[in-house]
Amino acid sequence: MKLSWKLFFVTTPIFILFLTVFGSWMLEDNFRGNLDGEIQRCLVENQLFQNSYELTRNSLTQEQQEQISTERLVGSFYKKKGREGGSIRIYGQDGTILYEENELRLENSLLNRLSEEQNVGYELLRYGGQTYIVVMGRSSFGDYIETTRNITDIFEERIAMYSRYQGGVLGMSLLMGSMILLILFLVMRDIQKLSRATRQFARGRYDVQVDIRSTDEIGMLAADFNWMAGVMRQQMEKLQNEAKRQEEFTAAFAHELKTPLTSIIGYADTLRQMELSPEETSTCADYIFRQGKRLQALSYKLLDMTMADQKEITLKEIYVPDFLGEVARVAEKSLEEKKLRLWVQAQEGVIYGDRDLLSSLFLNLIDNARKVSQPEREIFLTGQVVPGGYTIAVEDQGGGLPPQEVSRITEAFYMVDKSRSRKEGGAGLGLALCQKIVDLHQGSWRFDNYPGVGLRVIVRLGIPEGVPRERRRKAVYGQSGIGRDRS
């Protein structure tokens, strides 16, 4: 059974039970109040009749009392009301009837129950489908005065009120049941939206959103679901992109291995099966050597990337001008072939990180600048103090990149100009490795691309957490600069 029907079948009977109990109590309390009021009225009427009877009788002499009948005495102060209104009856001390208004006689036990201590009482009696109240009081003369009143209308009114109330309860139950069903429908409609969205989400629709604009708990649940769906969508997109990159990495890696291995196997087979001249043998061996070196460089890059993922770096203080000078000296040899000039200029300051990894980072950036630069051009390596950290930039004059290629240059094995990269001995792993080194140092970098001019890579290294405050102050000074022309 659905939750909405469960709630309906639980709340509706409770509502009907509450109406029935509360209404019955109210009607019964009202009836009891009317009945008590009527009893008090009858008691008062009996007492008034008794007072009038005693006063009239006391006003007569003994002789007059003997001569005047009780009927005549009563008639002097009381006018008959008839059978429907009730009756008056007077009993003597021995129980004989001295006076009666009409023939309505209701058997009761009041005469036997009254005494000098308790000289008044009443009974409710049913007779001929009617309800009567009988009140009897004992006068000072010893006579008993009985008054009877028809109170059937009070009981009939109670029956009529119960009947009307039952109809009202039935109507209210139908109305409230309809309202409860409507409310449950509106509430469950939002829950059904959440349920449908959850099923769609489970089927792989990660872009699903629930359109519920309420501020109640269900609205909050919908907002939390939308937030969760958004986070999960981002995570799934991230995983999908990661899986795609892994596939691309595997395909690119296989392709990078295929070309040199095919060449090596082909030239080796030529050497094995054919008799070649010394010059031809040297050519084959040279080609095998160069392709072997290419595979070696590729394996070293992959090893560096793996080590960068697994390495826990120790942050050490590095004085930037000296550090950049060391990087420039290491890069000298590779720049000589193209007669490139490396300009180094750095403000005084310190950074924190792993010296070997940072050296690999900037040597890779300089090597990339070398590959894209024409002979006798310039490369700039500059350092500058910035608020909260230090930036080091590598800028070349290699003509820049196509704008659409900038966002992909950090992907593994991605090469803008594959023929030139392979000619220069590259495999497309340099910037991917640099990205990992920057992430390990909790830094950031950006690429300022100037098509037709060159590319500037700016690495920003902040002050990592855990560095003492006094060392933090030391990391942000920078006044003078140094410059060198390395060619």
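Bear in mind that the values in this text are calculations on the coordinates, not laboratory data. Everything quoted here is computed from the prediction, not taken from an experiment. Ideal geometry is used to build each Cβ from the backbone, glycine not excepted, and the neighbour counts take in all protein chains shown.
List of remarks:
- Diffusion constant of segment 145-202 at 25 °C, which comes from Stokes-Einstein with the Kirkwood Cα-pair radius and 0.890 mPa s, µm²/s: 154 µm²/s
- Remark on A346: its backbone amide H falls under 5 Å from those of G383, I482, a criterion applied only to residues 5 or more positions apart or on other chains, H modelled at 1.01 Å from N.
- Sorted from greatest to least, the principal axis extents spanned by the alpha carbons of segment 127-264 come out as 147, 28, 22 Å.
- Segment 3-160: C-alpha gyration tensor shape, a/c 1.5 cut-off, then a/b vs b/c: prolate
- Toward the positive end of the charge dipole of segment 3-160, with +1 on the Cβ of Lys and Arg and -1 on the Cβ of Asp and Glu, the farthest Cα among T12, N150, Q47 is that of T12.
- Each residue of segment 167-184 was assigned a 3J(HN,Hα) from its phi angle through the Karplus curve 6.51 cos²θ - 1.76 cosθ + 1.60 (θ = phi - 60°); the sequence is x, x, 4, 4, x, 5, 5, 5, 5, 5, x, 5, 5, 4, 4, 5, 5, 5 Hz, with glycine and proline shown as x.
- Cα-Cα over 22 Å, subset of K293/K333; K293/K436; K238/K371: K293/K436; K238/K371
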